[in-house]
Amino acid sequence: MANIGQELSSISFGSIIGGALNALIEAQSQAAYTTIDFINSVGFSTSENSNQKKPTYVVFQYTKEISPYLPATDTEPARQAVTRDMLLQVPLLTMLPVPFIRIADATIDFNVKINSVTTTSNQETNSYGAKLDVDTSFSFWRFKTSAKLNATLSNQKTSSSEEEIKRDYSLSIHIRAVQDQVPAGTERLLDILQDAIVSVDADPTKEDTKKQPASIPAKS
């Protein structure tokens, strides 16, 4: 019969569960490095003349209305709308969600199943043998008889026993990961980049453009 206590003591629970915990820590560390790589590769670019990093900007042009169109009155003529072409510069990092994955919960299930099966077989063989010899003679006054008996007995017994131990192991890890709030330093960096959003003239030397509003057809 297998000793269950001895079988369990031979299992290195510390190595198995500790290995799973180390895997969780390494996964969290890799997630942090992924966040760093994302910020460096997406949010900043290195200048060719120096090794200093500068924010990566998204620049696009749009038309800004300086003064609206004013219709004519009895005393003043109509005033056309005045517009200006502007450039908006937005740091790319402020337009994208920064990935910051954190393991919120982790459950480790380790199951051990030990089955012990013992098989015993017995076999016994008996054999018997007997031989009787009788000798009879007659001589005048005497009658003589002799007998001889030979008997044999043999017994053979064999037995065998086999024990089979089966061990089944299963390890499962349940993980719940969430998008956590960015650290204070990263949040401060995003605030600074947000303050760097500026809108400038597309062509400072160009005068403001006056636009005549589209005419509205009269109702019939």
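Overview of results
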| quantity | calculated |
| --- | --- |
| Test: Q61 is surrounded by 12 or more Cβ atoms within 10 Å (Cβ to Cβ), polar (S, T, N, Q), in contact with a strand residue (DSSP E or B) (Cβ under 7 Å, 6 or more places away or on another chain) and farther than 30 Å from V178 by Cα | no |
| Of the criteria (1) in a helix (DSSP H, G or I); (2) closer than 30 Å to T205 by Cβ, which one L24 fails | (2) |
| Pairs, first more than 29 Å from D37 (Cα to Cα) and in contact (Cβ under 8 Å) with a residue 60 or more places away in the chain in the stretch 80-101, second among the acidic types (D, E) and not in a strand (DSSP E or B), C-beta under 8 Å, six or more apart | V82/D208; T83/D208; R84/D208; D85/D203 |
| Any hit, the stretch 30-45, residues being in a strand (DSSP E or B) and not assigned by TED's automatic domain parsing to the domain that holds D191 | yes |
| The one condition in (1) closer than 18 Å to L193 by Cα; (2) exposed (fewer than 10 other Cβ atoms within 10 Å of the Cβ) that E48 fails to fulfil | (1) |
| Pairs, first free of Cβ contacts under 8 Å to residues at least 12 places away in the same chain and in a strand (DSSP E or B) in the stretch 54-70, second surrounded by 12 or more Cβ atoms within 10 Å (Cβ to Cβ) and of a type outside the set (D, E, K, R), C-beta under 9 Å, six or more apart | K54/F44; K54/S45; L70/Q80; L70/A81 |
| Selection count, the stretch 55-111, where residues are aromatic (F, W, Y) and over 30 Å from Q194 (Cβ atoms) | 2 |
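Conditions (1) at pLDDT below 75; (2) in contact with a strand residue (DSSP E or B) (Cβ under 7 Å, 6 or more places away or on another chain); (3) surrounded by 11 or more Cβ atoms within 10 Å (Cβ to Cβ); (4) not in a strand (DSSP E or B), marked per residue:
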{"site": "D168", "(1), (2), (3), (4)": "no, yes, no, no"}
{"site": "R176", "(1), (2), (3), (4)": "no, yes, no, no"}
{"site": "E187", "(1), (2), (3), (4)": "no, no, yes, yes"}
{"site": "L190", "(1), (2), (3), (4)": "no, no, yes, yes"}
{"site": "K206", "(1), (2), (3), (4)": "yes, no, no, yes"}
{"site": "A218", "(1), (2), (3), (4)": "yes, no, no, yes"}
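The values are calculated or read from the model by the stated rules, or taken from the named source; none is laboratory data. These numbers were taken from a predicted model, which means no experiment stands behind them. Because the Cβ atoms are built from the backbone with ideal geometry, glycine has one as well, and the counts that use them run over all protein chains shown.
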